[in-house]
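For reference, the structure discussed in these notes is given below.
The values are calculated or read from the model by the stated rules, or taken from the named source; none is laboratory data. This one's a predicted model, so the numbers in the text were calculated from it and none came from an experiment. A quick note on method: Cβ atoms are made from the backbone with ideal geometry, for glycine too, and the neighbour counts reach across all protein chains shown. Protein only, heavy atoms only, side chains kept; ligands, DNA and RNA dropped before computing areas. Shrake-Rupley method; radii C 1.70, N 1.55, O 1.52, S 1.80 Å.
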Amino acid sequence: MTGIGGSTAAAELNTLQLWASPAPAITREERIARIDRARTLMAQTGADMLIVGAGASLRYFAGLAWGATERLVAMLLPIAGDPIFICPAFELGSFEAGIGIDGDVRLWEEDARPSALVADALRAANATTLAIDPALAFLFVDRIRRDAPHVALVDGGPVIDGCRMVKSPAELALLSQAKAMTLEVHRRTARILHEGIRASEVIRFIDAAHRALGSTGSTFCAVQFGRSTAFPHGLPQDDILRDGDLVLVDTGCLADGYHSDITRTYAFGDVGDEIRAIWNIEHEAQAAAFDAVRPGAPCEAIDAAARRVLERAGLGPNYRLPGLPHRTGHGIGLSIHEPAYLVRGDTTPLAPGMCFSNEPMIVVPDRFGVRLEDHFHVTETGAAWFTPPQPAIDDLG
């Protein structure tokens, strides 16, 4: 059993070491295989070319960790031939240092229109249909439309999501590492709690602990005490921990760009029978969602399985409170939230290699909330946890 309280932040940080066996990075060969898969999906959708903007999808295909800004950095993937990269001329050195595959790099100066380079590439390839990265800013899409009026613009989601939703063994290993690191941070966080500690102090500890394990720090961190737990993403205040408070901690980190996102909810002192009963219902709902996973089942069926548990306990129905105010889970990978989603209306069939959060939170309005969040990946026969679920309200495992 992992204790709650009784240690100090300094003591916990002093015993943390760099992660002993980091998962290997994604290889150039795997990225090339991803591009081949994208071209297969492009052919199925009738696209002659795909544009992928800066962000998670560009990292997925090209290995380039580059955030989206008002300057266009993108990959154009023709149905055949080398990828074409659009890059600001003054960024070439940084671009070349980060890119993970070969391609034709085309530069634009600050007073030029990068959309013209896109239009030139489309004309040279005799392309009539361009699949657009769903995350590409409208600013760029509108300019491409103006510079290439002869080209039909279509949704590139079926291509990009069709690649990214199913994770390879290498991706699963990186996701597993990130989640294991965050779970270790959760265990140590529980041990530093004491009456009077501020949420901001806990947040700083969590960031330092992630760094001590070798991550770049927390990608996000929510620490909520008492009434604040009733608000899924907290309140704009610095909570102070009191005896008898419910504690909710939601945080994550990265392993070579792949995310963790784990939530633990537990008791600091005696929280009372009602909270314990709700915690047990939450635990049962999370287990029901996991048990419902089968290849070929629609994503929405997993959400429905969790809600049936809540409704049998008199919670809900639907999004009514007390009950579950949001979806049961989301896809996760290079983006912390990515398709597909465990929510009513998402009929995407589950397939081996797909990865999801499982977090059917229960909110009792203006009083408290309980969220247990772990992640699983779909297997040939069902699901496998990345991290073991929390066993009890006063035990982090």
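A few comments on the model shown:
- Projecting the Cα atoms of MET165, PHE140, PHE205 onto the charge dipole of segment 129-216, computed from C-beta unit charges around the Cα centre, puts PHE205 farthest toward the positive end.
- Cα long-axis angle, helix 169-192 against the chain (0 to 90 degrees, to the nearest 10): 30 degrees
- With the helix formula -39500 (n - 2.57) applied to DSSP H stretches of n ≥ 4, the chain reaches a computed 222 nm mean residue ellipticity of -11000 deg cm²/dmol.
- Summed side-chain charge close to PRO389 - residues other than PRO389 whose Cβ falls under 13 Å, Lys, Arg +1, Asp, Glu -1: -4
- Nearest-20 debye value, segment 151-226 charge dipole, Cβ charges on Lys, Arg, Asp, Glu: 280 debye
- Rounded to the nearest 20 debye, dipole of the chain from Cβ charges on Lys, Arg, Asp, Glu: 360 debye
- Longest to shortest principal axis, alpha-carbon extents of the chain, angstrom: 70, 45, 37
- Eigen-decomposition of the gyration tensor built on the alpha-carbon atoms of segment 181-279 gives equivalent ellipsoid semi-axes of 24, 13, 12 angstrom, largest listed first.
- Extension gain, GLU110-ILE240: 0.36 nm per intervening residue step, less the Cα-Cα distance, totals 41.9 nm.
- Rg followed by Dmax, in Å, when segment 238-397 is reduced to its Cα trace: 15.5, 47
- Portion, in percent, of the accessible area of the chain that falls on carbon or sulfur, probe 1.4 Å: 52 percent
- Cα-Cα pairs of segment 275-328 separated by more than 18 Å (percent): 26 percent
- Ordering of 129-141, 105-117 by burial proxy (mean other Cβ atoms within 10 Å per residue, highest first): 129-141, 105-117
- Contact order for the chain, expressed relative to its length and based on alpha carbon pairs under 8 Å spaced 6+ residues apart, stands at 16 percent.
- Cα shape, segment 38-190, gyration tensor, a/c 1.5 rule: prolate
- The packing ranking of peptides 274-284, 223-233, highest mean first, is 223-233, 274-284, where packing means the average number of other beta carbon atoms within 10 angstrom of each residue.
- Counted charge near GLY269, where neighbours are those whose Cβ lies closer than 10 Å (Asp, Glu -1; Lys, Arg +1): -4
- Solvent exposure of segment 292-361 amounts to 37 Å² per residue of accessible area, where only protein heavy atoms count and the probe is 1.4 Å.
- Between ALA80 and ALA351, the C-beta separation translates, for a Förster distance of 41 Å, into a calculated FRET efficiency of about 0.90.
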